[in-house]
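Reviewing the structure listed below.
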Amino acid sequence: MEKAEQKLLFESGNEMAAYAAKQINYHVMGYYPITPSTQIAEYLDQMKADGEHTIALMPAEGEHSAAGICYGASTGGGRVFNATSANGLLYALEQLPVQSGTRMPMVLNIACRTVSGPLSIKGDHSDLMYTLNAGWIILFAESPQEVYDCNICALKIAEKLRLPVIVAFDGFFTSHQKRNCSVFASDETVQEFIGPVTDNPGALDTENPVTIGSYMNEPDILNNKYQLHLAMEKARTVIPEVFREYENLSGRRTDIIKSYQTEDAEILMFVLGSAYLTAKSAVDRLRAEGKKVGVFTLGVIRPFPSEEIALLCKNVRTVIIADRQDSYGANGGNMSLEIRAALQQKGLTPKVYSRIYGLGGRDFFEDDAVELFESCYKSDVPDFDYIGIYPGQTDYKPDPYFKPVTSSENPKLIECTEENGRVTVTGATVRDTTARPKRLAPGHGACPGCGIPVNVNLLLRGIEGNVVLLFQTGCGMVVTTGYPKTAFRVPYVHNLFQNGAATIAGLAKMYHQKQERGEMPKGDITFIMVSGDGGMDIGMGSALGTALRNDHVILFEYDNGGYMNTGYQLSYSTPMGAKSATSHLGSDQWGKDFFHKDMPRIMAATGMSYVATVAESDPADFIKKAAKAQHYAKNHGTAYIKCLSACPLNWGDKPNTERRVISAAVNSCYFPLYEVEQGCTRLSYDPEQKNKKIPVSDWLKLMGRTRHLCNEDYQQIRENIQREIDKRWIRLKAQAEHPIL
């Protein structure tokens, strides 16, 4: 095969994954943003806006649904693509065996990252190792160039075997670091290499209907899994064939196992991913000293290349296996366990050491690799150990940064009385509540003008007594809890986006259980979940479950209109037409293409006792509604409050204008202020009665993310937005005027 024309780019691994996907021109990509894989979807969206591909990009509300989108699309017989990382991968994990068990090919990129908790967004291999038993082919790319090459080979492998394929690479080390990369000059070259889509309409063939994913008993399920095993065994010949064919086309060799200076080596090191290049430098350094050392890595993890590893290690006296992940309690990470098994299976008996390194993205330097090699020459070396750890202080008792805010330090300021299904609040004035000490202390790392601390402190000004806070993942938790410091003066818990409401509900239930059993003194604690940055997209199911159970908690959403902690991708609360990193402007795209989610009405539909919207532009209303929410959470069940929270960095406005921007959102009725109390809707503020109602365009033009909508080119979009806002406002007024709605 003649080598095809190529061109040189200077790009990162994420960019190379997106570029390969664009050249393949997949049918569908279901995705959800998670660091460090998010850029893949961002780059594809930008190329989509510029008309460079026709992939249907489907933003899910979470990784589990993204995996479902991909599976559903693959049953239609087309080409499907996805990318994720870390806990996002784990959230989607139960979908992976469904994909492989029904033999639906697709390609999934994993920018490998530390699995929480505690929360860390840096790169190691702890997420990838959860996929080893999922029935997927797993390729591992050590460089941005290999990310590109593996992505092109992956789809061909997937379709030849009818198995899904993972392309994994190191988060941040490979995903974000730029390198010179060669790509095919023509998209057609890539598409010709892969070949036409197999004629397999699957679930779309109405003339020849099939059932996909039947219920099975044994022995059918046993035979199904055996067929999956046979496909994986067939991969041992298919993968090298595809790699060689690709080498003939590109001039670049991709191998199942890669090695350096191993021919006469006495000591071999194994590392996976980008650390291989570092270890090669260490080998050169030690070879110059006359030491016979070498290093190897894997380009394919599934099927596991046991034969190739055994052949490589047959004459060495020592193998040191460095894992960027631990299989806790097994005295080694997964690669240690599998390489040991491969050697034992072939009767090889070199001395094997296992070392855990680089967790949480800790750098791996040439000196570290040299030290690992040198340790193999010493006596009394443990078979298993961690490197790079530091000793802790077992007798250390940290001093609190702030004096805790408990009920004794918190003056009683507010009274709530309930009568005829409505709560009356007294004492919740802006002036009086300045006497309340702040539970979220100053000194956090939020951006200038960020609405999160403003809104959280306004909420807490309306809350009497003791408080326990739970923050879902997001800017709010990242900027306040950087270890070992905290900005909170009350108990605080973190959990992931998708499970915050359930977590705070479980904590509240434990409190009441311990009180009932006499294990805690009687008293009151208000339990509050704080969610934002798209957290009520991926976390909506958990929040609805909490509301339907009617757990005694407050759910507080600061809505900043996007996934801000991952760099501002669209969320379901992003305004229609707004530009973001996954809703670019271009010749073929005009920003987000669907309306923002009306979360308060969704929550009200659960029948919970109290739902309210608040805004920092009306602090007195904000504080009173917080007090009401506390009353309802204590006496009735779940309460929900939502505020519009400014994000100058991503909204494209200025920190000193945010209150005016929030006020304009209220006056345009984009964000109306109201409450649903015991099922009855009441307006808190009517801009029409105050003669302050403005067109929604007057709000849109205040922010860089939506200012383009005021241009004549976008008149139709602007008019659609105005009609939707008007419809929602008219419906809300009608409900407020009705005695039981």
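Quick check on residue 52: is it in the same structural domain as residue 168 (by TED's automatic domain parsing), of a type outside the set (S, T, N, Q) and either in contact with a Phe, Trp or Tyr (Cβ under 7 Å, 6 or more places away or on another chain) or buried (at least 24 other Cβ atoms within 10 Å of the Cβ) (or both)? Answer is no for this residue. Applying the criterion of being within 21 Å of residue 290 (Cβ to Cβ) and of a type in the set (Asp, Glu) to the residues of the range 369-382, the residue that is farthest from the chain's Cα centre (by Cα) is 374.
Mind telling me which of the residues 414, 389 ends up being under 34 Å from the mean Cα position of the chain (by Cα), surrounded by 10 or more Cβ atoms within 10 Å (Cβ to Cβ) and modelled with pLDDT under 95? Answer to the selection: 389. When restricted to residues that are under 30 Å from the mean Cα position of the chain (by Cα) and in contact (Cβ under 8 Å) with a residue 40 or more places away in the chain, the range 292-320 contains 7. Comparison of 289, 241 shows that the only residue that is assigned to a loop (DSSP other than H, G, I, E, B), among the charged types (D, E, K, R) and free of Cβ contacts under 8 Å to residues at least 60 places away in the same chain is 289.
Checked against the criterion of being under 22 Å from residue 457 (Cα atoms), in a loop (DSSP other than H, G, I, E, B) and in contact with a strand residue (DSSP E or B) (Cβ under 7 Å, 6 or more places away or on another chain), the range 557-572 has at least one qualifying residue. Evaluate the range 460-470: report whether one residue or more is touching a Cys at 6+ places or on another chain (Cβ under 9 Å), within 21 Å of residue 502 (Cα to Cα) and in contact (Cβ under 8 Å) with a residue 12 or more places away in the chain. No - not one qualifying residue is present in the range 460-470. Counting only strands (runs of 3 or more DSSP E) wholly contained in the range 101-220, the ones carrying 3 or more residues that are crowded, with 24+ Cβ neighbours inside 10 Å and among the aliphatic types (A, V, I, L, M) occupy 107-112, 137-141, 165-170. Residues in the range 454-493 that are touching an Asp or Glu at 6+ places or on another chain (Cβ under 7 Å) and assigned to a strand (DSSP E or B): 466 alone. Exactly one residue out of 616, 677 is more than 26 Å from residue 578 (Cβ to Cβ) and either touching a Phe, Trp or Tyr at 6+ places or on another chain (Cβ under 7 Å) or in the same structural domain as residue 697 (by TED's automatic domain parsing) (or both), and it is 677. Looking across the range 83-98, the residues that are free of Cβ contacts under 8 Å to residues at least 60 places away in the same chain, more than 9 Å from the chain's Cα centre (by Cα) and part of a helix (DSSP H, G or I) come down to 90, 92, 95, 97.
Using the structure shown, decide if residue 358 is surrounded by fewer than 18 Cβ atoms within 10 Å (Cβ to Cβ), at positive phi and either of a type in the set (S, T, N, Q) or within 31 Å of the chain's Cα centre (by Cα) (or both). Spelling it out, it is not the case that residue 358 is surrounded by fewer than 18 Cβ atoms within 10 Å (Cβ to Cβ), at positive phi and either of a type in the set (S, T, N, Q) or within 31 Å of the chain's Cα centre (by Cα) (or both).
Among the residues examined, residue 158 does not qualify as touching a Leu at 6+ places or on another chain (Cβ under 6 Å) and at pLDDT 95 or above. Checking each residue in the range 398-426 for being closer than 17 Å to residue 625 by Cα and in contact (Cβ under 8 Å) with a residue 40 or more places away in the chain picks out 412, 413, 414, 416, 418, 421, 422, 423, 425. Taking strands (runs of 3 or more DSSP E) as the structural unit, those lying wholly within the range 618-719 and holding at least 1 residues that are farther than 22 Å from residue 422 by Cβ and at pLDDT 95 or above correspond to 639-644. Only one of the listed residues (363, 368) is outside the structural domain of residue 112 (by TED's automatic domain parsing), closer than 27 Å to residue 112 by Cβ, of a type in the set (Asp, Glu) and assigned to a helix (DSSP H, G or I). That residue is 368. Per the conditions (1) at negative phi; (2) buried (at least 16 other Cβ atoms within 10 Å of the Cβ), the sole criterion not satisfied by residue 605 is (2). For residue 503, the stated conditions do not hold, so it cannot be described as touching a residue at least 60 places away in the same chain (Cβ under 8 Å), more than 21 Å from residue 627 (Cα to Cα) and in the same structural domain as residue 433 (by TED's automatic domain parsing). Among the residues making up the range 369-385, those that are free of Cβ contacts under 8 Å to residues at least 40 places away in the same chain and either within 22 Å of residue 326 (Cβ to Cβ) or touching a strand residue (DSSP E or B) at 6+ places or on another chain (Cβ under 7 Å) (or both) are 371, 381, 382, 385.
Scanning the range 417-440 for residues that are part of a strand (DSSP E or B), surrounded by 15 or more Cβ atoms within 10 Å (Cβ to Cβ) and among the β-branched types (Val, Ile, Thr) gives 423, 425.
Kindly evaluate residue 138 against the criterion of being under 20 Å from residue 323 (Cβ atoms), in the same structural domain as residue 231 (by TED's automatic domain parsing) and more than 15 Å from the chain's Cα centre (by Cα). Answer is yes for this residue.
Cβ separations smaller than 7 Å between residues 6+ apart or across chains give the following pairs from the range 630-647 residues that are within 12 Å of residue 459 (Cβ to Cβ) to residues that are among the aromatic types (Phe, Trp, Tyr): 639/610; 639/632; 641/556; 643/558; 645/558. Among the residues of the range 272-287, at least one is surrounded by 24 or more Cβ atoms within 10 Å (Cβ to Cβ) and on the phi > 0 side of the Ramachandran plot. Screening residue 395 with (1) at negative phi; (2) part of a helix (DSSP H, G or I) gives one miss only, at (2).
Restricting the range 584-600 to residues that are more than 18 Å from residue 62 (Cβ to Cβ) and not in a loop (DSSP other than H, G, I, E, B) leaves a set whose member that is modelled with the highest pLDDT is 600.
The values are calculated or read from the model by the stated rules, or taken from the named source; none is laboratory data. Note that the structure is predicted; figures quoted are calculated from it, not measured. Counting neighbours? That spans all protein chains shown, and the Cβs are built from the backbone with ideal geometry, glycine included.
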